[in-house]
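Participant: Have a look at the structure that comes next, please.
The values are calculated or read from the model by the stated rules, or taken from the named source; none is laboratory data. Just so you know, these numbers come straight off a predicted model, no measurement behind them. Cβ placement follows ideal geometry from the backbone for every residue including glycine, while neighbour counts extend to all protein chains displayed.
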Amino acid sequence: MRILQLDVNSIEYELIKPESKVYEDSAKKIETVKNAIALLVTIENGDTNESASKAITDAVKFAKQQKSENIVIYPFAHLSDDLEEPAKALDILKHMRSLAKQSGINVVDAPFGWNKRLSVAIKGHPLAEQSHHYGSADTHALKKPARKLDISIVKKSDWSGLHERDHRTIGEQLDLYSFQEVSPAMVYWHPKGLTIYNELVKLMREKEEEYDYKEISTPLIANIALWQVSGHLDHYKADMFIFDSAFGEVGLKPMNCPSTILIYKSKRWSYRELPFRTAIFDKLHRSELSGVVTGLFRVKQMTQDDGHIFAREDQIGGEIAALLKMVKETYAVFGMKFVAKLSTMPDDHMGSEELWTRAEATLKSALSENSIDYEIKEKEGAFYGPKIDFDVYDSIGRPWQCATIQLDYQLPLNFGLEYTGEDGKQYTPVIIHRAILGSLERFTGVLVEHYGGKFPLWLSPIHARVISISEASNDYASNVYSKLKSAHIRAELDISDKTLDYKIREAQMQKIPYIVILGKKEKEKGLISIRTRDGIQMQGERVEDFASALKEKITNRAAGLELKK
């Protein structure tokens, strides 16, 4: 049995049509439930009521901890390819429902056997999304024949039939990235896609240098004792890639904070040396269930623009203010607005209420002083401290939770972190976890759909394509192309024998910002003609002036394609 457990502000589903011979009738076609624990359940071959009982016991315990008012049991046959027979699966689901209803929590039964339209608004705390597997993996393995090498999986994932604005469709059209079945839910970055990725990293590295961060890197593999000390192993083991090695049981790191803490612990610290701000762009690996990955939006290998600040208590306000300014400046680059959400102390929390009250007051003060409107999310903070999450809105009004700022009092205690105060005594620092863009893979997907593939100049994989009208101007086109490349303009050259209309149309399909068109007239005068992807035309330009204007717009990350005269 595999379960994707979600702590949601709301879940809504609409029954479309039955998709199984065994299905439950329902007069109610649309259901909306607020403040719920949603269990997306896949019943696998060989599952029993015993494993179902364990799953419900765990879910009810978590629901009570989170003060959730409802549990939604939602049949979801997409987390495994080893499904139980429908009739048997329905019996096990009925057992789960019956047991859940005995807990005193309201239970909503999503009908079995239907094709449904699903919409969820997931809460922002660290345990809001958890994958669980109940039952013996060995038992399931015994029921299957020995697996033979299947060379048919050595192929690209098929994204045909998606909406034209979907980032997977655009990514394929623009040759940005692909997904290969031998590495499920992991991105294969093509040259143009990696250019976008690298530009985002460059942007954040510039910001971090401006705000005095020190970039670090740590090993991708560590003994699982590291995550046992941090406390993450109790909550994230099911989502980790764990395997045996010569130095014990090890795992690919799913988050950066524990290993970053080891760098802090490698020396003694004085109060004068704090805050210590670290930035890291290491790869992370999370063993998401195959049925919940969606292109770039949910992957098993990712990079975050991760940061951790080790600070004294009296420095928290200033650090939060600087982070809020950093968030505002970063999203202004993309022309994206956001809404801030302050999550307060949950019932199950670490530390005194006095400490929480002071920390929450600090966050509220920083938000107000930076003129940032915010919503209060009562009791949705992490168990280790309050936090601010940001919903960023794209060009068609969809919200995406990206940036986050979290105060952490728990990990410094778990790892015994200290610094020497002005009075010579030892004190425990606080850790501020922060990500501005979040997962770079996910944020790239957001940007692809935000811009519809028409990236601003600085972010465009190709700045300009140089096109010759005829063979007679090929040599001049090659010369102009070389000059643009020498000026560090990302340029392409098309001196093929295709028609001019075809060359222009092809460049426009690739959404290249500038098309440089060169024929006999341009060659004789030593000038260039320019056409933007939006149809603006400029003639009689010097290539040096064009390159200089592009460099200025790229350096400033300016919007729009108009060039100053």
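Participant: I'd like the residue in the range 292-309 that is in contact with a Leu (Cβ under 6 Å, 6 or more places away or on another chain) and not acidic (Asp, Glu) and, out of all such residues, is modelled with the lowest pLDDT.
Facilitator: First, the residues of the range 292-309 that are in contact with a Leu (Cβ under 6 Å, 6 or more places away or on another chain): 292, 302-303, 305.
Subset that is not acidic (Asp, Glu): 292, 302-303.
On the way: Val292: 48, Met302: 94, Thr303: 96.
Restricting to residues being in contact with a Leu (Cβ under 6 Å, 6 or more places away or on another chain) and not acidic (Asp, Glu), the top hit is Val292.
Participant: Among the residues of the range 330-356, what is the count of those that are within 17 Å of Gln401 (Cα to Cα) and of a type outside the set (A, V, I, L, M)?
Facilitator: 8
Here's the yes/no breakdown for (1) in contact with a Ser or Thr (Cβ under 6 Å, 6 or more places away or on another chain); (2) assigned to a helix (DSSP H, G or I); (3) touching a residue at least 24 places away in the same chain (Cβ under 8 Å):
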residue: Leu39; (1), (2), (3): no, no, yes
residue: Ala55; (1), (2), (3): no, yes, yes
residue: Phe62; (1), (2), (3): no, yes, yes
residue: Val72; (1), (2), (3): no, no, yes
residue: Leu79; (1), (2), (3): yes, no, yes
residue: Arg97; (1), (2), (3): no, yes, yes
residue: Ala100; (1), (2), (3): no, yes, yes
residue: Ser103; (1), (2), (3): no, no, yes
residue: Pro111; (1), (2), (3): yes, no, yes
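Participant: Just the residues that are closer than 16 Å to Asp109 by Cα and crowded, with 24+ Cβ neighbours inside 10 Å, please, taken from the range 40-49.
Facilitator: Going through the range 40-49, the residues closer than 16 Å to Asp109 by Cα turn out to be 40-43.
Answer for the range 40-49, where residues must be closer than 16 Å to Asp109 by Cα and crowded, with 24+ Cβ neighbours inside 10 Å: Leu40, Val41, Ile43.
Participant: For the range 352-382, give me the residue count where each residue is touching a residue at least 60 places away in the same chain (Cβ under 8 Å) and touching a helix residue (DSSP H, G or I) at 6+ places or on another chain (Cβ under 7 Å).
Facilitator: At the first step, the residues of the range 352-382 found to be touching a residue at least 60 places away in the same chain (Cβ under 8 Å) are 377, 379-382.
Checking the rest, the ones that are also touching a helix residue (DSSP H, G or I) at 6+ places or on another chain (Cβ under 7 Å) come to none.
The total comes to 0.
Participant: Also, quick follow-up: How many residues does the range 273-290 hold that are farther than 30 Å from Tyr427 by Cα and either in contact with a Gly (Cβ under 8 Å, 6 or more places away or on another chain) or surrounded by fewer than 17 Cβ atoms within 10 Å (Cβ to Cβ) (or both)? Give the derivation first.
Facilitator: Going through the range 273-290, the residues farther than 30 Å from Tyr427 by Cα turn out to be 283-290.
Still in the running and either in contact with a Gly (Cβ under 8 Å, 6 or more places away or on another chain) or surrounded by fewer than 17 Cβ atoms within 10 Å (Cβ to Cβ) (or both): 283, 290.
Selection size over the range 273-290: 2.
Participant: Is it the case that the range 333-352 has a residue that's polar (S, T, N, Q), surrounded by fewer than 16 Cβ atoms within 10 Å (Cβ to Cβ) and over 30 Å from Thr428 (Cβ atoms)?
Facilitator: Step one: list which residues in the range 333-352 are polar (S, T, N, Q), which gives 343-344, 352.
Now restrict to residues that are surrounded by fewer than 16 Cβ atoms within 10 Å (Cβ to Cβ): 352.
Subsequent filtering for residues that are over 30 Å from Thr428 (Cβ atoms) retains none.
No, the range 333-352 has no match at all.
Participant: Across the range 50-94, which residue is surrounded by the fewest Cβ atoms within 10 Å (Cβ to Cβ) among those that are within 23 Å of Asn106 (Cα to Cα), at pLDDT below 90 and of a type in the set (S, T, N, Q)?
Facilitator: Gln65
Participant: How about the range 377-399: which of its residues are surrounded by fewer than 20 Cβ atoms within 10 Å (Cβ to Cβ) and touching a Phe, Trp or Tyr at 6+ places or on another chain (Cβ under 8 Å)?
Facilitator: Asp391, Tyr393, Asp394, Ser395, Pro399
Participant: Confirm whether Ile37 is more than 21 Å from Ser119 (Cα to Cα) and out of contact with any His (no Cβ under 8 Å at 6 or more places or on another chain). Steps first, please.
Facilitator: Values: more than 21 Å from Ser119 (Cα to Cα): no; out of contact with any His (no Cβ under 8 Å at 6 or more places or on another chain): yes.
Considered against the rule, which asks whether it is more than 21 Å from Ser119 (Cα to Cα) and out of contact with any His (no Cβ under 8 Å at 6 or more places or on another chain), Ile37 comes out as no.
Participant: Looking only at the range 125-184, filter to residues that are part of a loop (DSSP other than H, G, I, E, B) and of a type in the set (Val, Ile, Thr); which one of those is modelled with the highest pLDDT? Break it down into steps so the answer makes sense when it comes.
Facilitator: At the first step, the residues of the range 125-184 found to be part of a loop (DSSP other than H, G, I, E, B) are 125-128, 134-136, 143-150, 154-155, 157-166, 174-176, 181-184.
Then drop every residue that is not of a type in the set (Val, Ile, Thr), which leaves 154, 182.
Details: Val154: 55, Val182: 85.
Top of the filtered list is Val182.
Participant: Would you mind finding the one in Pro461, Pro429 that is buried (at least 16 other Cβ atoms within 10 Å of the Cβ), outside the structural domain of Ser343 (by TED's automatic domain parsing) and either closer than 30 Å to Leu355 by Cβ or modelled with pLDDT of 95 or more (or both)?
Facilitator: Details: Pro429 fails: outside the structural domain of Ser343 (by TED's automatic domain parsing).
Of the residues listed, the single one that is buried (at least 16 other Cβ atoms within 10 Å of the Cβ), outside the structural domain of Ser343 (by TED's automatic domain parsing) and either closer than 30 Å to Leu355 by Cβ or modelled with pLDDT of 95 or more (or both) is Pro461.
Participant: How many residues, within the range 500-529, are within 42 Å of the chain's Cα centre (by Cα), outside any strand (DSSP E or B) and not charged (D, E, K, R)?
Facilitator: Number satisfying all stated conditions: 9.
Participant: Restricting attention to the range 437-444, does a residue exist that is of a type in the set (Phe, Trp, Tyr), outside any strand (DSSP E or B) and touching a strand residue (DSSP E or B) at 6+ places or on another chain (Cβ under 6 Å)? Walk me through it before giving the result.
Facilitator: Our first condition is that a residue be of a type in the set (Phe, Trp, Tyr); within the range 437-444, this holds for 443.
Applying the additional criterion that residues be outside any strand (DSSP E or B) yields 443.
Then keep just the ones that are touching a strand residue (DSSP E or B) at 6+ places or on another chain (Cβ under 6 Å); that gives 443.
Looking through the range 437-444, at least one residue is of a type in the set (Phe, Trp, Tyr), outside any strand (DSSP E or B) and touching a strand residue (DSSP E or B) at 6+ places or on another chain (Cβ under 6 Å).
Participant: Would you pick out the residues in the range 531-556 that are within 15 Å of Ala487 (Cβ to Cβ) and in a strand (DSSP E or B)?
Facilitator: At the first step, the residues of the range 531-556 found to be within 15 Å of Ala487 (Cβ to Cβ) are 541-555.
Correct list: Glu541 only.
Participant: If Glu12 satisfies all but one of (1) surrounded by 17 or more Cβ atoms within 10 Å (Cβ to Cβ); (2) closer than 23 Å to Lys116 by Cα, what's the number of the condition it fails?
Facilitator: Glu12 satisfies all of (1) surrounded by 17 or more Cβ atoms within 10 Å (Cβ to Cβ); (2) closer than 23 Å to Lys116 by Cα except (1).
Participant: Kindly indicate which of Ala549, Ala507, Ala559 is out of contact with any Phe, Trp or Tyr (no Cβ under 8 Å at 6 or more places or on another chain) and touching a residue at least 60 places away in the same chain (Cβ under 8 Å).
Facilitator: Values: Ala549 fails: touching a residue at least 60 places away in the same chain (Cβ under 8 Å); Ala507 fails: touching a residue at least 60 places away in the same chain (Cβ under 8 Å).
Sole residue among the options that is out of contact with any Phe, Trp or Tyr (no Cβ under 8 Å at 6 or more places or on another chain) and touching a residue at least 60 places away in the same chain (Cβ under 8 Å): Ala559.
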